[in-house]
Amino acid sequence: MGSEKDTELSREQIDRIIQMAWEDRTSFDSIRQQFGLTPGEVIALMRREMKPSSFKMWRTRTRGRKTKHVALRGFEIGRFRCPNQKE
C-alpha cells in the first residue's frame, strides 16, 4: 500500500514526518526537500500511520491551508524552523 520511499524510511523518520505534517507552518515542500515525499505520499503515510479520526482531523486542518504550500504563502519573514529540522 505504501510507496517504495515509505519502505526505505526508518520509524524515526516516519515519526518526524508526522510531526512536521502536524506543524501549521511547516510546508509540504519542506517535507519533500528533507525526505523526498510528495504531498500525496505524505497524505498516504498519514492515512496509514494514524487512526481514521485523527487522519480526518489532520486533513480538515491542512486542506487549503496556505502555510502548508510555499507557493501560496504571502510571507517570507517569520518562517518558523523547528530545532529538529535540518538546515
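At-a-glance table
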item: Subset of region 17-55 [in a helix (DSSP H, G or I), among the basic types (Lys, Arg) and at pLDDT below 95]; result: Arg32
item: Lys86 being at pLDDT below 65 and among the charged types (D, E, K, R); result: yes
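The values are calculated or read from the model by the stated rules, or taken from the named source; none is laboratory data. Please read all numbers here as calculations on a predicted model, not as lab measurements.
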